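Peer 1: If you scroll down you'll find the structure; I have some questions about it.
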Amino acid sequence: MTFGCSMGAMHAANLFFRRPGVKRSLHPTHSMSGIGKNTAELFGDHWRSTTSCGEFSPFRKLRDSGGWVLFLGCSTHPNTMMHAVEELVDPPYLHTDPVDYRIIREDGSAITMRVRRHNFKGYRQRYDRLCALLKDDEIRRGKVLEADCTLLNIPAIWREGLAALQKDPFFFVEEC
């Protein structure tokens, strides 16, 4: 199964989303695209999450998948999976007050979602710190053409990321 999380019109994940057969989860701030046999199961109730990466999100459902997150041509800084880990601890910098969104479903019907968005006001994300916590077999580095790439094991992200946040809720941020 292949997934992508996209931000912006020119990202590879956004191009992936437009391919035939690709499905997109229904969420106003952190939708995810995927193709494969478990896509409906992973994406079907993302709209029920009252936070960006909450309990019904694909990010949370992938926790025990044994899968990997690929950082293609970028650092490990933009690690959306870590938002789902942070939401279990809910550090003081993470959320804003709820915002209402009008969402149009695939069948054309509309629903209103109340979502607590991520904030980070006054903080810079430092998800690169996660790499130092992982074992050698939980992180892989290489190249795809000229792009530097990093693979991180999803269960290890959850295990080590959650342990670090439980010890220090500000471990993955710094004041700016």
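The values are calculated or read from the model by the stated rules, or taken from the named source; none is laboratory data. All of these numbers come straight from a predicted model, not from anything done at the bench. Note: ideal-geometry Cβ built from the backbone for every residue, glycine included; neighbour counts use all protein chains shown. Please note that ligands, DNA and RNA were not included when accessible areas were found on the heavy atoms of the full protein model with its side chains. Shrake-Rupley method; radii C 1.70, N 1.55, O 1.52, S 1.80 Å.
Peer 1: Select from the stretch 13-43 the residues that are over 16 Å from the mean Cα position of the chain (by Cα) and closer than 18 Å to residue 84 by Cβ and write down the one among them that is modelled with the lowest pLDDT.
Peer 2: The residue in question is 38.
Peer 1: Related question: Residues in the stretch 47-79 that are outside any loop (DSSP other than H, G, I, E, B) and closer than 23 Å to residue 90 by Cβ: how many? Don't jump to the end; show me each part of the working.
Peer 2: Applying the first criterion (outside any loop (DSSP other than H, G, I, E, B)) to the stretch 47-79 yields 47-48, 51, 58-64, 68-72.
With closer than 23 Å to residue 90 by Cβ added as a condition, the list becomes 47-48, 51, 58-64, 69.
Total meeting the criteria: 11.
Peer 1: Same structure again: Which residue is modelled with the highest pLDDT, if the candidates are limited to the stretch 60-107 and must be hydroxyl-bearing (Ser, Thr, Tyr) and under 13 Å from residue 50 (Cα atoms)? Working first, answer last.
Peer 2: Initial filter on the stretch 60-107 (hydroxyl-bearing (Ser, Thr, Tyr)): 65, 75-76, 80, 93, 96, 101.
From what's left, under 13 Å from residue 50 (Cα atoms): 96, 101.
Details: 96: 91, 101: 95.
It comes out as 101.
Peer 1: If the requirement is being closer than 22 Å to residue 160 by Cβ, of a type outside the set (S, T, N, Q), surrounded by fewer than 16 Cβ atoms within 10 Å (Cβ to Cβ) and under 12 Å from the mean Cα position of the chain (by Cα), which of these qualifies: 58, 78? Steps first, please.
Peer 2: Values: 58 fails: surrounded by fewer than 16 Cβ atoms within 10 Å (Cβ to Cβ).
Checking each option against the conditions leaves just 78.
Peer 1: Condition first: closer than 14 Å to residue 80 by Cα and in contact with a strand residue (DSSP E or B) (Cβ under 8 Å, 6 or more places away or on another chain). Now tell me which residues in the stretch 125-149 satisfy that.
Peer 2: Result: 125, 126, 130.
Peer 1: Only one of 100, 137, 107 is under 21 Å from residue 32 (Cβ atoms) and more than 19 Å from the chain's Cα centre (by Cα); which? Can you show your working first?
Peer 2: Values: 100 fails: under 21 Å from residue 32 (Cβ atoms); 137 fails: under 21 Å from residue 32 (Cβ atoms).
The conditions single out 107.
Peer 1: Please find, within the stretch 107-139, the residue that is most open to solvent (accessible area, probe 1.4 Å) out of those that are more than 17 Å from residue 78 (Cβ to Cβ) and touching a residue at least 40 places away in the same chain (Cβ under 8 Å).
Peer 2: Selected residue: 114.
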